[in-house]
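So the structure is just underneath, and the comments pick up after that.
The numbers here are math on the coordinates, done by the rules we state, and not lab data. Predicted model, so just to flag it, every value in this text is computed and none were measured. Cβ placement follows ideal geometry from the backbone for every residue including glycine, while neighbour counts extend to all protein chains displayed.
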């Protein structure tokens, strides 16, 4: 299966959960609650083939998802969530807090991690050079982002507008990788309409990073400070454009 869409997560059998992740009554995926030092993972249950087996290059892919972050204390998030492509859906050795449920202190930065993530980070962690407590970062095998930007979106007339990740409102994110141009775009919006200008554009070849088969999903963590991290809907497609999600049709 190289394409799927969740407009809500009604049937728990359709998604693989661990940590404190659960599906609420309305079909919302809750990755963490407001308890300290927890993590939650939710992955598409089957591995997805990311590479052309003849030449080892990664295929193009795109994903669109809607998330919301509700912090325990209004201005203090903890710690964030990440879309991730990983070799396993358990991420057994991962830690909460600043590790976002993705890595731990001994494997952070290792080339053998084969981990790609886009973080939506609500705590400024100096250990990983975070720019602020409200940013989006592209992470490769590491939690020190290869590129990051303060959370924002571009209006139709290309005016940059700040976006509060921990404001409790739904945020739509698009992540698109072009395997011909070796280019990754990350775009955010407070509405269902996708801005023409991405927030982050990064030149990279994911072929050395990803294995032939990988799992796709989400990870979130809490630290001393905690937030409830929700995913309301999610679509994904290999070699094409993922279905855009309509906020009005989500739980």
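The simple spin-label model puts a point 7 Å past each Cα toward its Cβ; for residue 132 and residue 156 those points are separated by 2.7 nm. Modelled spin labels at residue 34 and residue 2, positioned 7 Å past Cα toward Cβ, are 4.4 nm from each other.
Considering only 126, 183, 154, the Gaussian network model of the chain with Cα springs below 10 Å gives its largest mean-square fluctuation to 126. Extension gain, residue 182 to residue 248: 0.36 nm times the residue separation minus the Cα-Cα distance gives 20.4 nm. Using a Gaussian network model of the chain in which every pair of alpha carbons under 10 angstrom is joined by a spring, one finds that among 224, 115, 163 the greatest mean-square fluctuation is at 224. Considering only 162, 133, 125, the Gaussian network model of the chain with Cα springs below 10 Å gives its largest mean-square fluctuation to 162. Computed over segment 139-241, the percent of Cα pairs more than 16 Å apart is 67. With a Förster radius of 45 Å applied to the beta-carbon distance between residue 18 and residue 52, the computed FRET efficiency rounds to 0.90. Using Cα-only point scatterers and the Debye equation, what is log10 of I(q)/I(0) for segment 1-144 at each q in 0.11, 0.21 Å⁻¹, rounded to two decimals? Evaluating at q = 0.11, 0.21 Å⁻¹ gives log10 I(q)/I(0) of -0.44, -1.53. Based on the reciprocal of the average 1/r between different C-alpha atoms, the Kirkwood radius for segment 3-249 equals 17.6 Å.
Can you give me the distance in nm between label points at residue 224 and residue 11, each placed 7 Å from the Cα along the Cα-to-Cβ direction? In this crude spin-label approximation the distance works out to 4.5 nm. Give the calculated FRET efficiency between residue 201 and residue 25 to the nearest 0.05, with a Förster radius of 51 Å applied to their Cβ-Cβ distance. Efficiency at R0 = 51 Å is approximately 0.85. Given R₀ = 51 Å, what would the calculated FRET efficiency be for residue 73 paired with residue 212, taking r from the Cβ atoms and rounding to 0.05? Once rounded, the FRET efficiency stands at 0.70.
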